[in-house]
Amino acid sequence: MLSRGMPAAVKETMGRAYTAFEAEDWPLAGELLATAAPSLTGETAAATWFDAALAYKFARDWPRAYEMGKIAVTHVRRGARGGVGAAALPGARPGDQCAVRPVPPLR
């Protein structure tokens, strides 16, 4: 996931973020991923925002998880084939349909 064109500081932050993720330090992983994500583009940005949302979900920080998820979906084209969303589904294969559906507001 780490791109060659990525600035060294962003690479370092991403490395620390995924080390925290693997150590299950969810708040730190979410914070570091959310810090690095705005500097990224394309599928790397989408994956990083989704991972930040997931880290905050595991930390049970629901408002931040929701916020990161809303940003993440802006990086995925509606009805796109494959990509980040489909790859995350169990049993998904390359080329599987991935449709992003609106999420009802929290009450």
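The values are calculated or read from the model by the stated rules, or taken from the named source; none is laboratory data. Worth saying up front: this structure is predicted, and the values here are computed from it rather than measured. Heads up, the Cβs are rebuilt from the backbone with ideal geometry, glycines too, and the neighbour counts pull from every protein chain shown.
Check whether at least one residue in the stretch 44-53 is assigned to a helix (DSSP H, G or I) and farther than 23 Å from R78 by Cα, and report yes or no. Lay out the reasoning, then the answer.
Taking the stretch 44-53 and keeping what is assigned to a helix (DSSP H, G or I), we get 44-53.
Keeping just the survivors that are farther than 23 Å from R78 by Cα gives none.
No, every residue in the stretch 44-53 fails to be assigned to a helix (DSSP H, G or I) and farther than 23 Å from R78 by Cα.
Of the residues E67, E24, only one is charged (D, E, K, R), assigned to a loop (DSSP other than H, G, I, E, B) and modelled with pLDDT of 90 or more; which?
Details: E67 fails: assigned to a loop (DSSP other than H, G, I, E, B).
Exactly one of E67, E24 is charged (D, E, K, R), assigned to a loop (DSSP other than H, G, I, E, B) and modelled with pLDDT of 90 or more, namely E24.
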Set T48, T35: member being modelled with pLDDT of 90 or more, among the β-branched types (V, I, T), crowded, with 19+ Cβ neighbours inside 10 Å and under 15 Å from the mean Cα position of the chain (by Cα) = T48
Has the stretch 70-79 got at least one residue that is at pLDDT below 90 and farther than 27 Å from P7 by Cβ?
-> yes
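Filter the stretch 1-17 down to the residues that are part of a helix (DSSP H, G or I) and in contact (Cβ under 8 Å) with a residue 12 or more places away in the chain, then identify the one that is nearest to L54 (Cα to Cα).
Looking only at the stretch 1-17, we keep the residues that are part of a helix (DSSP H, G or I), and these are 8-17.
Pick out the ones that are also in contact (Cβ under 8 Å) with a residue 12 or more places away in the chain and you get 10, 13-17.
Details: V10: 20, T13: 17, M14: 15, G15: 17, R16: 16, A17: 12 Å.
Out of the qualifying residues, it is A17.
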